[in-house]
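Engineer: Handing you a structure now.
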Amino acid sequence: MIDLMLAATGIDIDFAATGAEALEAFQTTEYDMVLTDVDLPDMPGLQVAHEIRQTEDGFHLGYTPILFLGRLDDGAEPGDGCLPKPFTADGLKAAVDRILYVARGSGLEGTLRAAR
């Protein structure tokens, strides 16, 4: 569903079925942003975010914005935003744009131009 919602934006998307797959991908690929579900089959999205932050710190990597999809408990957000479910394609695009703008200084369009 996320792929369909973001298809018109031109974003390249990698998918991981589990938190472990997401963390493995993060260790081998540089991403402009991470979207993670709050509830993954093998671990909470919050744990994925904490491990991403530890990887960034441990390897002196740049900061990667994280958007949680779903509702988090108050005060439990090591990411850059949370988009409660259900959400629309426009809501998802707006959240991605806002988070990229705050984290990178340019929104979705600027990030896509820089990647080309």
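Engineer: Have a look at 19, 60, 111 and report the one farthest towards the positive end of the charge dipole of segment 4-116, computed about the Cα centre with Cβ charges (Lys/Arg +1, Asp/Glu -1).
Structural biologist: 111
Engineer: How big is the dipole moment of the chain about its Cα centre under a simple scheme where the beta carbon of each Lys and Arg is +1, that of each Asp and Glu is -1, and everything else is neutral? Debye, nearest 20, please.
Structural biologist: 440
Engineer: Moving on to the next point. For the chain, with a Gaussian network of springs between Cα atoms less than 10 Å apart, report the residue from 72, 35, 46 with the top mean-square fluctuation.
Structural biologist: Evaluated over the chain, the most mobile residue of the options is 72.
Engineer: Please check the chain for the longest run free of chymotrypsin sites (Phe, Trp or Tyr not before Pro) that are loop-located per DSSP (anything but H, G, I, E, B) and have at most 12 other Cβ atoms within 10 Å.
Structural biologist: Here the longest segment lacking exposed loop sites spans 64-116.
Engineer: Still on this structure, I have one more. Can you pull out the GluC sites (Glu not before Pro) in segment 1-98 that DSSP calls coil and that have at most 14 other Cβ atoms within 10 Å?
Structural biologist: Passing both the DSSP loop test and the Cβ count: 30.
Engineer: Okay, moving on. In nm, to one decimal, how far is the residue 42 label point from the residue 24 one, both placed 7 Å along Cα→Cβ?
Structural biologist: With each label point 7 Å from Cα toward Cβ, the separation is 0.7 nm.
Engineer: For a quick size check, give me the Cα extents of segment 2-109 along its three principal axes, largest first, whole Å.
Structural biologist: In descending order, the Cα extents are 34, 27, 26 Å.
Engineer: Considering only DSSP beta bridges where both residues belong to segment 2-109, give the percentage that are antiparallel (nearest 5).
Structural biologist: 10
Engineer: Tell me the relative contact order for segment 2-109 as a rounded percent, counting alpha carbon contacts under 8 Å between residues six or more apart.
Structural biologist: Reported relative contact order: 23 percent.
Engineer: Right, something else. Among 90, 39, 73, determine the one that fluctuates most according to a GNM of the chain built with springs between C-alpha atoms less than 10 Å apart.
Structural biologist: Largest GNM mean-square fluctuation: 73.
Engineer: A further question follows. Please work out the Kirkwood hydrodynamic radius for segment 12-63, using every pair of different C-alpha atoms, and report it in angstroms with one decimal place.
Structural biologist: One decimal place: 11.2 Å for the Kirkwood radius.
Read-outs: derived from the displayed coordinates by stated rules, not from any lab. Note that the coordinates shown come from a computational prediction; the quantities given were computed from them, not determined experimentally. Because the Cβ atoms are built from the backbone with ideal geometry, glycine has one as well, and the counts that use them run over all protein chains shown.
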